[in-house]
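Down below is the structure, laid out as structure tokens.
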Amino acid sequence: MAKKSAATLSGFDVLTDPKSVTVPAVVAIVGDDGFLQHEVRRALVAQLCGDDPDAAAEHLDGSEIEYRDLHDALSELSLFGSGRRVIVVEEADDLVKHYRDRLEDYVAKPRSDAILILEVTTWPSNTRLAKAVAESGLTIRCATPAQGKELTEFTKQLKDWLVVVARREYKCELVRAAADQLLEQIPPEPGILYQEIARLSLLAEPSRKIDVKLVQENVGGWRARKTWDMIDAAAEGRAADALQQLDRLFAAGEEAHALLPQMASTLRKFALAVRLFDQAERRRQAISIRIALERAGMPPFKLNDAERQLKQIGRPRARQLYRWLLAADLELKGYNSTKDRARRVIETLIIRLSQHAAPVAGR
């Protein structure tokens, strides 16, 4: 596919086909949708830096740095090869506010061996800086329009992207009519819809097809919301709350065979994050819990909650999650379980995650 070199793109243009985007020396990722911004930034860095973007790109906190810190990062010589360095400034609104003139000067004469990516919430198009980036750089919009033609186009691109997400990340076919149905039941919020595709992919066996019927039966209703509430309560160690939610779900007709895959989807990410953390520790490499969770596939909008939840679970128990989930899956499949016996499988998992459960490795 031909490279896209437009001065302004939507976030979905990048996410749908990042390799088609020509990345200039200065990029502004603009808007108030944190999920879209995160995903766009990750896609750009992965395209530019290859298999290990976290190691190859330098991330700066725009709310704390001064311009001299950015200048030093842009001017630093690369230790590896002759490729361009990638400097990402997250939450760059304060940096732009205080050093607009210097940024304008840099955009006019950017370094040829570096790429600067600015993540900003506000970006008035009538400023000299925004005009300069529009002329020689790239602006990527990551906000939901309020109305009109812009909202119609945003919604169309959102549906196209969901189809790609289902195919590329979850090996599922999202039927177009099912995407329409999703947007009828859920507001056009990319982060929430991404999570729904992940959940529906777990329920799409064996056909690997997300159709209208699957969406109608599993999205947007009371049971879907309560299922995620139960999973959050269990991960946070609030066993009593989680068991209460489980009572309501079973009373409403939910099945253990449908609940376990959804629980496993979250808990496996915790298990992988701890495994990545342990591996980095053995190599004497510094890694934060947040980065480990991100690399394990935790959605960006869940990272704050997930970091707190993983700390509650603790490393000893998180190391046992794969084994516990396998045992629960075998118990459900190993016999024609009654509802009571199947329910005990889920209850056991919740109790093991309780704040009061001892994190003994052999449990």
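Residues are listed down the side, and each one gets a yes or a no for (1) open to solvent by less than 30 Å² (accessible area, probe 1.4 Å); (2) closer than 25 Å to GLY191 by Cα:
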residue: THR227; (1), (2): yes, yes
residue: ASP232; (1), (2): no, yes
residue: LEU259; (1), (2): yes, yes
residue: GLU281; (1), (2): no, no
residue: SER288; (1), (2): no, yes
In the stretch 98-145, anything touching a residue at least 40 places away in the same chain (Cβ under 8 Å) and closer than 16 Å to LEU70 by Cα is listed as TYR106, VAL107, PRO110, ARG111, SER112, ALA114, ILE115, LEU116, ILE117, LEU118, GLU119, VAL120
GLU205 meets each of (1) of a type in the set (D, E, K, R); (2) in contact (Cβ under 8 Å) with a residue 24 or more places away in the chain; (3) not in a helix (DSSP H, G or I) with one exception, condition (2)
LYS97 meets each of (1) basic (Lys, Arg); (2) closer than 26 Å to LEU276 by Cβ; (3) at pLDDT 90 or above with one exception, condition (2)
Here the residues within the stretch 290-329 that are surrounded by 15 or more Cβ atoms within 10 Å (Cβ to Cβ), at pLDDT below 90 and outside any helix (DSSP H, G or I) are ALA296, MET298, PRO299
Of the residues in the stretch 146-164, those that are assigned to a helix (DSSP H, G or I), free of Cβ contacts under 8 Å to residues at least 60 places away in the same chain and among the aliphatic types (A, V, I, L, M) number 3
Within the stretch 3-42, residues surrounded by fewer than 18 Cβ atoms within 10 Å (Cβ to Cβ), β-branched (Val, Ile, Thr) and either at pLDDT 95 or above or part of a loop (DSSP other than H, G, I, E, B) (or both) come out as THR22
### Query
Has the stretch 262-283 got at least one residue that is outside any helix (DSSP H, G or I) and free of Cβ contacts under 8 Å to residues at least 40 places away in the same chain?
yes
Being of a type in the set (A, V, I, L, M, F, W, C), touching a Ser or Thr at 6+ places or on another chain (Cβ under 9 Å), closer than 28 Å to ALA143 by Cα and in contact (Cβ under 8 Å) with a residue 24 or more places away in the chain narrows ALA239, ALA234, ALA258, ALA198 down to just ALA198
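The values are calculated or read from the model by the stated rules, or taken from the named source; none is laboratory data. Predicted model only: the values in this text are computed from it and were never measured. Methodologically, a virtual Cβ is constructed for each residue, glycine included, from the backbone with ideal geometry; neighbour enumeration extends over all protein chains shown. Each accessible area value is taken on the protein alone, full model and side chains, heavy atoms only, with ligands, DNA and RNA left out. Shrake-Rupley method; radii C 1.70, N 1.55, O 1.52, S 1.80 Å.
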